[in-house]
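Notes to accompany the following structure.
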Amino acid sequence: MALRFFNTYTREIEEFEPRDPMARPIRMYTCGPTVYSRAHIGNFRAYIFEDLLQRHLELRGYKVNRVMNITDVEDKTIRGAREAAVPLQKFTEQFKDAFFEDARTLRIKGADEYPAATDQRYIDRMIEMINALISNGLAYQADDKSVYFRINKFPDYGKLAHFDLTQLQSTGRVKHDEYDKEHIGDFALWKGWDEADGDVKWNSPWGPGRPGWHIECSAMSMALLGDQIDIHCGGVDNIFPHHEAEIAQSEGVTGKKFVRYWLHCAHLLVDGQKMAKSLGNFYTVPDVVAKGYTGRELRYALLRVHYRVPLNFTWEGMNEARESLARIDEWLKRLREFVGTPRRGVRSAQRADATSQFEDALDDDLNISAALGFLFESIRETNRAMDQDKMDAASANGWLDWWKRINTVLDLEAETDVTIPDEVAQLAQQREHARREKNWKRSDELRERISALGWEVRDTKDGPKLTHGAKSA
């Protein structure tokens, strides 16, 4: 099956055809964090979708050159640095470090480049682009010394967001980075310095100031990936104004189509509501880990729903993620035991279509729900074969090879160097003794003590199995 993706620009599922498949790798740009605070799990839902996209493209034989920007200068970073009474770089550095730490926790592959907007080489590129836009009649300097983009001179403005701009009220120029669609107007490319900016400023032909949010991504993308790229990703909240502005700026400079495919990830909700600190449902990766969950459990929870469907995060969902991973862990353990144990079972052929079904599902606009469905159906079938002694070592090896291939996309396998602490092992033995004595109250009490130590005990026909990462009390 050919790769197919939903293109936000056309609102259609389209077959994926790289702009120049013979000469270059896939050029992919993903909007990264704005480092005014620690990224939350809603941000990481988008980053995991982008990770899945890159991994599947690579599984299908493509080389991917991915750039993810770091937005370290805009209204909120400047405001945060001013309130903390520290230089901008010192203020943002802590959140950059936190982002990379959380990305590692969630097993997100690194991008090839992480350009920062404050890097002088990109500031120079932004100034160069703004000069070109002024020369092309698409930008002008206003009385406040800021430079603005003329949206009425770019006929395609609004096509990504599918807005009919003639029916929307304009309130004129907008100097701030953030505005609602009812406030549509000429957006800032360069912001003239004012006292609130403090020492955050660069020299330019229009006086001291700083770049607008939108021009940053255009300049960094074009500097590292060229004038035209294959895929641009982000959350749905980036569609307007940010990505709309990127198109106008980039194409206003080059006259070429900027992006071939636009892919956007839907919002994450928490218990059916928008995540907000005021509601007490705002979570970062460390917040989830502090409740006793692992990074791979959170990865699974954020991965398992199709990227264009809103994901409702719940603690029940986190427990379901744990149970699903425990099924995978136990399946892999059984297969490896089969490989290492002489058997006379009837050889059961590996399902010839198993690999293709999993990958075909991801070919279809990254249908991860269907792909995981095929995985767990295969787990059921092979477990049944092992229960009925219809599996031999060669067949088990075949399934392990299949898992190794698809796990390059999922990256969900448990760490292999986990040692069961003596205290946990002793409690598990005591619980098994209580179960043999049919002392169910004592058994439940011991289960809770094991869980409080960060482990889960599961009762199987082969005896109790301990899994690391259980929710603590």
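Using the per-residue mean of other Cβ atoms lying within 10 Å as a proxy for protection, in what order, highest first, do the peptides 276-284, 28-36 fall?
Details: 276-284: 12.2, 28-36: 24.3.
Averaged packing, sorted descending, gives the order 28-36, 276-284.
Give me P(r) over segment 241-290, computed from all C-alpha to C-alpha distances, binned every 10 Å, as integer percentages.
Taking every Cα pair in segment 241-290, the percentages come to 19, 30, 19, 23, 8, 0.
What ³J(HN,Hα) values, in whole Hz, does the Karplus curve 6.51 cos²θ - 1.76 cosθ + 1.60 give for segment 394-404 when θ = phi - 60°, with x put for Gly and Pro?
Whole-Hz 3J(HN,Hα) from phi for segment 394-404: 5, 5, 4, 4, x, 5, 5, 5, 4, 4, 4.
Once amide H atoms are built 1.01 Å from N in the peptide plane, which residues 5 or more positions from Asn312, or in another chain, come under 5 Å H to H?
Under 5 Å from the amide H of Asn312 lie the amide H atoms of Leu269, each far enough along the sequence or on another chain.
Take the alpha carbon atoms of segment 403-460, find their center, do the same for segment 68-100, and report the distance between the two centers in whole angstrom.
Their Cα centres are 42 Å away from one another.
Short version: ³J(HN,Hα) in whole Hz for each residue of segment 367-373, in order, from phi by Karplus 6.51 cos²θ - 1.76 cosθ + 1.60 (θ = phi - 60°), x for Gly and Pro, what are they?
6, 5, 4, 5, 4, 5, x
Would you list which lysines come within 25 Å of Lys153, measuring only between C-alpha atoms, while excluding same-chain residues fewer than 8 positions from it?
In chain and number order, the partners are Lys145, Lys175, Lys181, Lys191, Lys256, Lys257.
Spin-label point model (7 Å from Cα, Cβ direction): what's the Gln89 to Glu15 distance in nm?
Those two pseudo-labels are separated by 5.1 nm.
Can you tell me the alpha carbon radius of gyration of segment 1-102 divided by the globular rule-of-thumb value 2.2 N^0.38 Å? Don't skip to the end; give the middle numbers.
Working: Rg = 17.4 Å, N = 102, 2.2 N^0.38 = 12.8 Å.
Ratio of Rg to 2.2 N^0.38 Å for segment 1-102: 1.36.
Note down the Stokes-Einstein diffusion coefficient of segment 252-325 in µm²/s, whole number, using a Kirkwood radius over alpha carbon pairs, 4 °C, and 1.567 mPa s. Don't skip to the answer; put the middle values down first.
Details: Rh = 14.3 Å.
Calculated translational D: 91 µm²/s.
Fully extended, how many nm does the chain gain between Asp144 and Thr408 (0.36 nm per residue separation, minus their Cα-Cα distance)?
Values: separation 264, 0.36 × 264 = 95.04 nm, distance 5.23 nm.
Difference between extended and current length: 89.8 nm.
Arg60 to Glu320: extension gain in nm, 0.36 nm per residue of separation minus the Cα-Cα distance?
On the way: separation 260, 0.36 × 260 = 93.60 nm, distance 2.95 nm.
Result for the pair: 90.6 nm of gain on full extension.
Within segment 229-273, find all residues whose amide N lies under 18 Å from a label point positioned 7 Å from the Cα of Asn312 along Cα-to-beta-carbon.
It comes to 266-273, nothing else.
Can you run phi through the Karplus equation (6.51, -1.76, 1.60; θ = phi - 60°) for segment 41-53 and list ³J(HN,Hα) in whole Hz, with x for Gly and Pro?
5, x, 4, 6, 4, 5, 5, 6, 4, 5, 5, 4, 4
Give me Rg/Rg_expected for segment 43-178, where Rg uses Cα atoms only and Rg_expected = 2.2 N^0.38 Å with N residues.
Segment 43-178 yields a ratio of 1.33.
Can you list the residues of segment 4-33 with backbone N under 13 Å from a point 7 Å past the Cα of Thr254, pointing along Cα to Cβ?
Hits in segment 4-33 for Thr254 at 13 Å: 19-20, 27-29.
With every protein chain kept in the model, how would you rank Thr408, Thr118 by accessible area, 1.4 Å probe, largest at the top? If you can, show how the numbers build up before the last one.
Working: Thr408 70, Thr118 45 Å².
Accessible-area ranking of Thr408, Thr118, largest first: Thr408, Thr118.
Give me the percent of accessible area attributable to carbon and sulfur for the chain, probe 1.4 angstrom. Write down the numbers at each step before the final one.
Numbers: 9870 of 21590 Å².
Carbon and sulfur atoms account for 46 percent of the accessible area of the chain.
So how exposed is His433, as accessible area in Å² (1.4 Å probe, rounded to 10)?
For His433, solvent-accessible area is about 100 Å².
Skipping prolines and chain starts, which residues have an amide H placed within reach, meaning under 5 Å, of the one on Phe16, given they are 5 or more residues away or on another chain?
Result for Phe16 returns Leu3, Arg4, Phe5.
Accessible area, 1.4 Å probe, largest first: how do Lys274, Lys153 sort? Intermediate results must be reported in sequence, preceding the final value.
Numbers: Lys274 160, Lys153 120 Å².
Greatest to least solvent exposure: Lys274, Lys153.
When ranked by the protection proxy of mean other Cβ atoms within 10 Å per residue, highest first, what sequence do the peptides 198-204, 107-113 form?
On the way: 198-204: 14.9, 107-113: 16.9.
Answer by packing, highest mean first, reads 107-113, 198-204.
Which value, in Å², gives the accessible area per residue of segment 272-332 when a 1.4 Å probe is used on the protein heavy atoms? Could the numbers behind the result be given before it?
Numbers: 2530 Å² over 61 residues.
In whole numbers, segment 272-332 has 41 Å² accessible per residue.
Dividing the convex hull volume of the Cα atoms of the chain by its residue count, what figure in Å³ per residue is obtained?
Details: hull volume 79.5 nm³, N = 473.
Spread over its residues, the Cα hull of the chain gives 168 Å³ apiece.
The values are calculated or read from the model by the stated rules, or taken from the named source; none is laboratory data. Note that the structure is a prediction, hence the values are computed from the model and not measured. Every residue, glycine among them, receives a Cβ derived from its backbone with ideal geometry; neighbour counts consider all protein chains shown. The area values use the complete protein model at the heavy-atom level, side chains included, leaving out ligands, DNA and RNA. Shrake-Rupley method; radii C 1.70, N 1.55, O 1.52, S 1.80 Å.
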